[in-house]
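The values are calculated or read from the model by the stated rules, or taken from the named source; none is laboratory data. Please read these numbers as outputs of a predicted model, since none were measured by experiment. Here the Cβ is made from the backbone with ideal geometry for all residues, glycine too, and neighbour counts use every protein chain on show. All accessible areas refer to the heavy atoms of the entire protein, side chains included, with ligands and DNA or RNA removed. Shrake-Rupley method; radii C 1.70, N 1.55, O 1.52, S 1.80 Å.
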Amino acid sequence: VKHSGKNNYIFYYSEMKDIINTRIEIEAIIREALETDGFKLLYQPQVDLCSAQIHGFEALLRLKDHNIQPDQFIPVAEDTGLIINIGRWVAKSAIEQFAKWRDMGLGEKIIAINYSSKQLKDKNFIAYLGQLITTHAVKPEMIEIEITESILLENDTETMSFLQGLKDAGFKIALDDFGTGYSSLNYLTYIPVDKVKLDKSINEKFLNLKNNQVMDSLISLAHSLKLEITAEGIEDWNQYWQLKRGGCDYIQGYLFSKPLDSAAAENIFNHIFEI
Ligand code: C2E
Ligand code: CA
Ligand code: CA
Ligand code: CA
């Protein structure tokens, strides 16, 4: 520690200790949650801009007994490999929920599940999904796997064969957080995705300008590649109208609904939003 007196050193030391403790603590919390049924899923509606009805729900992970958000605990789960068991738990719970809603007579909505590139290590994940949908008699096209661009930084052949495997089994694939990171439109031409999810940040950047050409072009480009588009993080009507006018397919955001627990999702399942 250079140029620093005692106080600086102490400050630095305690800050580091804090970070280390937190990660260790979070790891312990995750392990405990896996063993004690300590996770739950929330479901955020994705609203179809044509029908104003719910097209699908994104499953979002929460800890039941801790106020630690996924942005904090998912990275720890990824670094420790615990994401593999978490990923399986999420898939199982989401597919069970889908079947439960269907069996209650509510109908069928797409269920979107987040997939971390660290789960590529789980060589039997697609087979596991296959077992789940067979057990619950769910059509694979009702299950959408959300990947992020980071997966394209992993071993190329491994990633491509995973994505192709999902596709061959009939599952849908969505490219999440589009417009963040080092986004290249080029991917869209060679990875087998069905849908693009425009990140909140790109929506904020291009929907609050008077000039919508960038957003309109993105939507047209995706459609010309036969991809559907969901805009995420939509909070206001101005954004809504611009997306609607541009021909966007689905909107996910607080404007329509926050992520809901399963009981609240049930209540809103066949709601038609007033626009
Ligand atoms: P994401 O996949 O991009 O999920 C969207 C996030 O945006 C969610 O945060 C959601 O609650 C939030 N959101 C939705 N609408 C709005 C809005 O209108 N305004 C604002 N400000 N936020 C909105 P959440 O649930 O905290 O999840 C954060 C991230 O954690 C997710 O980002 C995803 O990357 C990751 N994650 C969540 N659940 C899972 C999971 O089961 N597995 C994996 N691997 N990652 C997960
Ligand atoms: Ca997502
Ligand atoms: Ca996203
Ligand atoms: Ca995100």
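Take ASN67 and tell me if it is modelled with pLDDT under 95 and on the phi < 0 side of the Ramachandran plot. Break it down stepwise before answering.
Working: modelled with pLDDT under 95: yes; on the phi < 0 side of the Ramachandran plot: yes.
Yes.
Looking only at the range 118-152, count how many residues are hydrophobic (A, V, I, L, M, F, W, C) and assigned to a strand (DSSP E or B). Before the answer, list the steps.
So the first thing to find is which residues in the range 118-152 are hydrophobic (A, V, I, L, M, F, W, C), and the list is 120, 125-127, 129, 132-133, 137-138, 142-143, 145, 147, 151-152.
After this cut, where a residue has to be assigned to a strand (DSSP E or B) as well, the list is 143, 145, 147.
Summing the residues that are hydrophobic (A, V, I, L, M, F, W, C) and assigned to a strand (DSSP E or B) in the range 118-152 gives 3.
Could you grab me the full set of residues in the range 98-113 that are touching a strand residue (DSSP E or B) at 6+ places or on another chain (Cβ under 7 Å) and surrounded by fewer than 20 Cβ atoms within 10 Å (Cβ to Cβ)?
In the first step, residues of the range 98-113 are kept if they are touching a strand residue (DSSP E or B) at 6+ places or on another chain (Cβ under 7 Å); the result is 98, 109-113.
If the condition is that a residue be touching a strand residue (DSSP E or B) at 6+ places or on another chain (Cβ under 7 Å) and surrounded by fewer than 20 Cβ atoms within 10 Å (Cβ to Cβ), then ILE110 is the only one that fits.
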- Take the residues in the range 173-189 that are open to solvent by 40 Å² or more (accessible area, probe 1.4 Å) and within 15 Å of HIS223 (Cα to Cα), then tell me which one is nearest to ligand 3 (Cβ to nearest atom). LEU185
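Out of the residues in the range 260-275 that are aliphatic (A, V, I, L, M) and open to solvent by 40 Å² or more (accessible area, probe 1.4 Å), which is nearest to LEU41 (Cα to Cα)? Give the derivation first.
Restricting attention to the range 260-275, the residues satisfying the condition of being aliphatic (A, V, I, L, M) are 260, 263-265, 268, 272, 275.
Now restrict to residues that are open to solvent by 40 Å² or more (accessible area, probe 1.4 Å): 263, 272, 275.
Numbers: ALA263: 11, ILE272: 23, ILE275: 28 Å.
Going through the qualifying residues, I end up with ALA263.
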- Could you tell me which of the residues ILE143, ILE147 is within 16 Å of ligand 3 (Cβ to nearest atom) and modelled with pLDDT of 95 or more? ILE147
- Any chance you could count how many residues in the range 94-117 are within 16 Å of ligand 4 (Cβ to nearest atom) and assigned to a strand (DSSP E or B)? 3
- Message: Can you tell me how many residues within the range 239-259 are in contact with a strand residue (DSSP E or B) (Cβ under 6 Å, 6 or more places away or on another chain), open to solvent by 30 Å² or more (accessible area, probe 1.4 Å) and among the aliphatic types (A, V, I, L, M)?
- Response: 0
